[in-house]
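Computed from the coordinates by the stated procedures, all read-outs in this text should not be read as laboratory data. Values in this document were obtained by computation on a predicted structure and should not be read as measured data. All Cβ positions, glycine included, derive from the backbone under ideal geometry; neighbour counts span all protein chains shown.
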Amino acid sequence: MSTTPQGFKGCCAGLYELPITTLLLGESHHPGGAQLTRQLAESVLVGPDTRVLDVACGRGTTARLLAEEFGAQVTGVDYSDLIVQNARRATRAAGLEARVDFRTGDAEHLPCEDASIDVVLCECALCTFPDAPRALREFYRVLKPGGRLGISDIVVNREMPAALQTVVGHVVCIAGARSADGYLELIDEAGFNTTRSRNASSALLEMMTRVEQRLRLADVIAQLETLELPDDLTHSAETLDEARSFITAGGAGYALFSARKPR
């Protein structure tokens, strides 16, 4: 894996382009799926005609949900042009082009005008940005005065063992995950106020269980079809158990954060 910022971004984007990533993580590509997306959206008051920016939007699952269920006007931004093209196709198929659009872009250099957005959402992605403080300053820049920020991300409370880095880190790109206090400090330093957080760690354990089950299924399919899985996605039951133990013991979790830009 490249150690340069651009190389790291490209690596994570490349992982999310792989069909097996969707097989393992599901359509939402983050713990909690649509249920936690709804909770995060409600916490930052997404409603009819709210102008939402979905940063690291992936396949556009969240963007379409916000448009269809909340009536929001959503722009999704992702680093991968291939992912953006796929998101556009899925959105056309869903008949939501009038409320959802997508742009290829970098979270650290958002392709949006100053003070043009009501709500910025970033799900399970801030930890993947090489310069998270800069990304948060970009969120602040594009938000209108009084605009709201909603973040969900993996939190790490102590050093992560190699097992968890293998099972989750290479698929979800959590190399930059912080403690809950670490995220709150970053958000505060970017200028936001009224920051709130909520523990949603059970969602990470549920995703871990799903990844474990689907990895085993993928391994069986690969053997039956004489295919080879990527090295990073081939793991022993013992390694998976070690990762589960780390999460269960509180070594890693998941949290939702909401904040507001001062008026």
For G76, enumerate residues with amide H under 5 Å from its amide H, sequence gap 5+ or separate chain, H modeled in the peptide plane.
D54, D101, F102, R103
Give the order of S201, S258, S116 when sorted by the count of other beta carbons within 10 angstrom, beginning with the fewest.
S116, S201, S258
Taking placed amide H atoms and a strict 5 Å upper bound, the residues 5 or more places from D106 or on another chain that come that close are none
Fewest to most Cβ atoms within 10 Å: E108, E42 sort as E42, E108
Rank Q85, G71, S43 by how far each Cα sits towards the positive end of the charge dipole of segment 42-104 (+1 on Lys, Arg Cβ; -1 on Asp, Glu Cβ) and give me just the farthest.
Q85
Karplus (6.51, -1.76, 1.60) ³J(HN,Hα), θ = phi - 60°, over segment 70-82, in Hz, Gly and Pro reported as x:
10, x, 6, 9, 10, 10, x, 10, 9, 6, 8, 5, 4
Taking θ = phi - 60°, what integer Hz values does the Karplus form 6.51 cos²θ - 1.76 cosθ + 1.60 yield along segment 107-119, in sequence order, with x for Gly and Pro?
4, 8, 8, 5, x, 9, 6, 4, 6, 10, 10, 7, 9
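Please arrange C124, C112 by how many other C-beta atoms lie within 10 Å of their C-beta, fewest to most.
Going from sparsest to densest Cβ surroundings: C112, C124.
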